[in-house]
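To start, the structure under review is shown below, and the notes come after it.
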Amino acid sequence: MAGIIQDPYGRILEYVRISVTDRCNYRCRYCMPSEGVEWIPHEEIMSYENILFLCEVFVELGVKKIRFTGGEPFVRKGFVSFLKKVREKFPGLRIAVTTNGTMLEETADRLSGLRLESVNVSLDTLDPQKFHYITVTGDIEKVIRGVDALCAEKNVPVKINTVAMKHFNDDEIRSLVGFARERDILARFIEFMPLDRDVWSQDKYISARDILSLLPDAGSWEPCDPAGRSEVSGPSRYYRNSSTGQKVGIISAVSDHFCNLCNRLRVTSTGVVRPCLFGNFGVPVIDALREKNREAVKKGILKAVAAKPRRGLTGIPGENGLCEERHMSQIGG
């Protein structure tokens, strides 16, 4: 029988993001410093068997939704086969994936039968030159083909996630909304978060309010429910265009904290359970996973839950200074 994970402030934690790898085929400028990061040796990250066991423990504790992230999850060999095993073992679990989209074209048909809740594709610009600049190694055409291949499968909900940055893509917000509307997918815009002092710049930051004002037909967007159905909610606030019916999401991680509604935990690829994105505390459970010590894994998870803060500090100046070094690729995007 499933339990309930409740933190010291009464929040029910039923959503977990698990990183399957720190590795990525991009070098996005807002995610890691220009010189890159040192990859974690493969023997130090969780095996798929470890992750499957971890999922089992989380489900026993009451988790209803698990999102698999990276780095870039599809660069890890066997990822789609692993997703199939997760679905077979947990038929009622809500499974989602976050990806940069580079490998969707060749995996879309295999993903279509897995009943995924969503595939979130990071897409910060539609301009080929800017895309290559921000990702360092990326090809926008390959990503668009991947998105279209997944859309063609019909039964995999697709979202695009855009980190809004001043003087970079603030002039493309309308175009990205149009891109999503043409494909009947959901566009979400995320405030640039100061997770890493090496890449954060106040000059690039755009608030959620300003993002909303940059949407096409800015006065036509009204707050709405995310999907018209009961779901394990994430941090996005949704808006519906009264004229077209299109929905968009805006994630105000900096300007308007949603900490009081936070229902999630994160697990790094090295098996560290982190209670807060904007914190550096985590509880390692990798040894317990390798030993298949169910009680020790639960103990580690609950220790992390007990340390979940009421409110995370973003690291914006004025909030105890800039953040420590914490590269998003290593936390789990």
I'm trying to understand the selection: among the residues of the stretch 174-200, which are modelled with pLDDT of 95 or more and in contact with a helix residue (DSSP H, G or I) (Cβ under 8 Å, 6 or more places away or on another chain)?
Arg183, Asp184, Ile185, Leu186, Ala187, Phe189
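Under 17 Å from Lys204 (Cβ atoms) and touching a residue at least 40 places away in the same chain (Cβ under 8 Å), is that true of Lys159? Lay out the reasoning, then the answer.
Working: under 17 Å from Lys204 (Cβ atoms): no; touching a residue at least 40 places away in the same chain (Cβ under 8 Å): yes.
No; evaluated as a whole, the condition is false for this residue.
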Return yes when Leu186 is surrounded by fewer than 19 Cβ atoms within 10 Å (Cβ to Cβ), in contact (Cβ under 8 Å) with a residue 24 or more places away in the chain and within 21 Å of Gln246 (Cβ to Cβ) and no when it is not.
no
Would you point out which residue out of Asp171, Asp203 is surrounded by fewer than 21 Cβ atoms within 10 Å (Cβ to Cβ), part of a helix (DSSP H, G or I) and at pLDDT below 90?
Asp203
For the stretch 97-125, which residues satisfy the criterion of being in contact with a Gly (Cβ under 9 Å, 6 or more places away or on another chain) and hydrophobic (A, V, I, L, M, F, W, C)?
Met103, Leu104, Ala108, Val119, Val121, Leu123
From the residues in the stretch 245-289 that are part of a strand (DSSP E or B) and hydrophobic (A, V, I, L, M, F, W, C), which one is nearest to Arg76 (Cα to Cα)?
Val267
Restrict the check to the stretch 36-56 and report whether at least one residue is of a type outside the set (A, V, I, L, M, F, W, C), over 23 Å from Glu291 (Cα atoms), modelled with pLDDT under 95 and over 19 Å from the mean Cα position of the chain (by Cα).
yes
Taking Ile134 as meeting all but one of (1) in a helix (DSSP H, G or I); (2) free of Cβ contacts under 8 Å to residues at least 40 places away in the same chain, write down the number of the exception.
(2)
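Within the stretch 137-161, which residues are among the polar types (S, T, N, Q) and assigned to a loop (DSSP other than H, G, I, E, B)?
In the first step, residues of the stretch 137-161 are kept if they are among the polar types (S, T, N, Q); the result is 137, 155, 161.
Selection gives Thr137, Asn155.
Across the stretch 104-124, which residue is farthest from Lys77 (Cα to Cα) among those that are touching a strand residue (DSSP E or B) at 6+ places or on another chain (Cβ under 8 Å) and part of a loop (DSSP other than H, G, I, E, B)? Explain how you work it out, then say what you get.
Start the filter on the stretch 104-124 by keeping residues that are touching a strand residue (DSSP E or B) at 6+ places or on another chain (Cβ under 8 Å), which leaves 104, 111, 114-124.
So of that shortlist, the ones also part of a loop (DSSP other than H, G, I, E, B) come out as 114-117, 123-124.
On the way: Leu114: 18, Arg115: 21, Leu116: 19, Glu117: 22, Leu123: 23, Asp124: 26 Å.
Here the answer is Asp124.
The values are calculated or read from the model by the stated rules, or taken from the named source; none is laboratory data. None of these values were measured; they are calculated from a predicted model. Because the Cβ atoms are built from the backbone with ideal geometry, glycine has one as well, and the counts that use them run over all protein chains shown.
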